[in-house]
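For reference, the structure discussed in these notes is given below.
The values are calculated or read from the model by the stated rules, or taken from the named source; none is laboratory data. These figures come from a predicted structure and were not determined experimentally. Cβ placement follows ideal geometry from the backbone for every residue including glycine, while neighbour counts extend to all protein chains displayed.
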Amino acid sequence: MATHCGGKIAQAAKGSISYELGLVPGDMVVSVNGRCLRDEMDFRFYTAESEIVLEVLRKNGDREIFEIEKDEDEHLGLSFSNPLFDDIRICKNNCLFCFVRQIPKTMRRGLQVRDDDYRMSFLYGNFITLTNMDEEDFARLEEQRLSPLRVSVHSTDPSLRERIMRNPRARDIMKDLKRLCDIGIRLHIQIVVMREVNDGKALEKTLSDLDSLGENIKSVGVVPAVYTKYRKVLPSPPLDEKWALSTLDIIQDYAWKALKKRGYHWVYGADELYVLGKREFPPYEYYDEFPQYENGIGIIPEFRHSLEQLKKHCSRITDSTDSKILVVTGRMAEKEIENAIETLNLQESFRILPVDNRFFGHTVSAAGLLTGQDIIAAVLDKKKENKEKLGSVLIPSVAVFGGKFLDDITPEDIEVKCKIPVQVVEPNPEEFLKAIKTARTKV
Ligand code: SF4
């Protein structure tokens, strides 16, 4: 594969070495000490020396060399327009449950990108599959110790993983994981579990294989596959309460074993499994350092914990808006929000607005997958009821990516269409109290 060298500067921080050298946005840093820069990670790694030679292609086409002496840990103060410098690596799999393949082709192009790039895993915590890694990648990981990484495993059984991911290269997972562990890369693992495919005994075997790889397997998150209404033929049977409970039994049994061996629970089930199985969530402490929070694991227990803390520290919460604030959420978190409003004694000010996901279908209940059009329809319906004066709408920030919902609608569009102020807030009880203050100041 031809290697692309260099990345465009977005900014040279004021007062930094780069600023003093006169580097400006649009200049391109090509190499450091004669080493071609593949991305920002290379730049960071090679500039961590005290003497560096920087090759820069200026905006006007001139090539300049800068010889710099600095402290080893002193940064040059540069940021880049694209930390990868070139294109993101695309996945070579065709997983049975792939969510990206289940969304309409008309949706924003960025949503159709099936990235599988270890650099994105290091920088942003994206999950990768290791099926597109070559010798050069492994060598780089060893040299630069890009750790931790997040890996989607699904099954450690070679044939089963190949069948799930529909890629023969997927078979080598145990070999690849061992290789990464041996060079000191810490790994957080995801298992997307499908009923009658990689659940039951297959899940137990996967957990035990992962456990055998030692302490560099830092955590394992088990999340159920989600199918949208665009998936006409389901690759595995729909989930139900009994299945969720038996899957949680496997996870929790293993977690207790892991606790004895590792001192923490190590494997965690998705919040969705507890909701589906109607099982009480484990206590906040069970989630240790919340290593799989971004994967939807422990969000509800964390929410409850913040609620308790808030209640403890604000014994006299007064509820005083004359118009009602609508709290938008998905069906999965409906009860949690309801409970938070009651616990904080905010019933006078807030109304919960659970929104059905008509866009992706009723099987999708997470707030993060709500679209702008479903929210608009729900707010307009609520307004039509005309029972109470509505003052504003709170939207959970997890549903907004780069200022837009998944269907490209923006919070401002909702304000215009529904003629009501909208606030995008973190899904956290503290935000309710802040919303009251904001509502008061707007009166
Ligand atoms: S690796 Fe991810 S993006 Fe690629 S096919 Fe599988 S689920 Fe889809």
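Have a look at E302, E294, E285, E272 and point out the one that is under 23 Å from N216 (Cβ atoms) and among the acidic types (D, E).
Values: E302 fails: under 23 Å from N216 (Cβ atoms); E285 fails: under 23 Å from N216 (Cβ atoms); E272 fails: under 23 Å from N216 (Cβ atoms).
The match here is E294.
Please count how many residues of the range 397-407 are under 17 Å from A377 (Cβ atoms) and not aromatic (F, W, Y).
From the range 397-407, those under 17 Å from A377 (Cβ atoms) are 399, 405-407; that's our starting set.
Filter once more, so that each one left must be not aromatic (F, W, Y): 399, 406-407.
Residues flagged as under 17 Å from A377 (Cβ atoms) and not aromatic (F, W, Y) within the range 397-407 amount to 3.
Checked against the criterion of being surrounded by fewer than 19 Cβ atoms within 10 Å (Cβ to Cβ) and within 18 Å of the chain's Cα centre (by Cα), the candidates R119, R114 yield just one match: R114. A count restricted to the range 352-395 and to residues that are among the polar types (S, T, N, Q) and over 24 Å from I300 (Cα atoms) stands at 3. The set of residues from the range 122-150 being within 12 Å of the ligand (Cβ to nearest atom) and either without any contact (Cβ under 8 Å) to a residue 40 or more places away in the chain or over 27 Å from D42 (Cβ atoms) (or both) comprises N126, I128.
All of E196, E162, E143, E215 fail the test of being surrounded by fewer than 18 Cβ atoms within 10 Å (Cβ to Cβ), in a helix (DSSP H, G or I) and of a type outside the set (G, A, S), apart from E143. In the range 70-96, the qualifying residues are those that are surrounded by 13 or more Cβ atoms within 10 Å (Cβ to Cβ) and of a type in the set (A, V, I, L, M), and the one that is nearest to the ligand (Cβ to nearest atom) is L96. The residue of the range 32-51 that is farthest from Y124 (Cα to Cα), among those that are assigned to a loop (DSSP other than H, G, I, E, B) and aliphatic (A, V, I, L, M), is A48. Taking each residue of the range 91-105 that is without any contact (Cβ under 8 Å) to a residue 40 or more places away in the chain and looking for partners that are near the ligand (Cβ under 6 Å from one of its atoms) with beta-carbon atoms closer than 6 Å, six or more apart or interchain, yields V100/R114. Number of residues in the range 416-438 that are more than 27 Å from the chain's Cα centre (by Cα) and either at pLDDT 85 or above or part of a strand (DSSP E or B) (or both): the value is 6. Listed residues A378, A340; which is in contact (Cβ under 8 Å) with a residue 60 or more places away in the chain and not in a loop (DSSP other than H, G, I, E, B)? After applying the criteria, what remains is A340.
A count restricted to the range 97-116 and to residues that are more than 6 Å from the ligand (Cβ to nearest atom), more than 14 Å from T228 (Cβ to Cβ), in a loop (DSSP other than H, G, I, E, B) and not β-branched (V, I, T) stands at 1.
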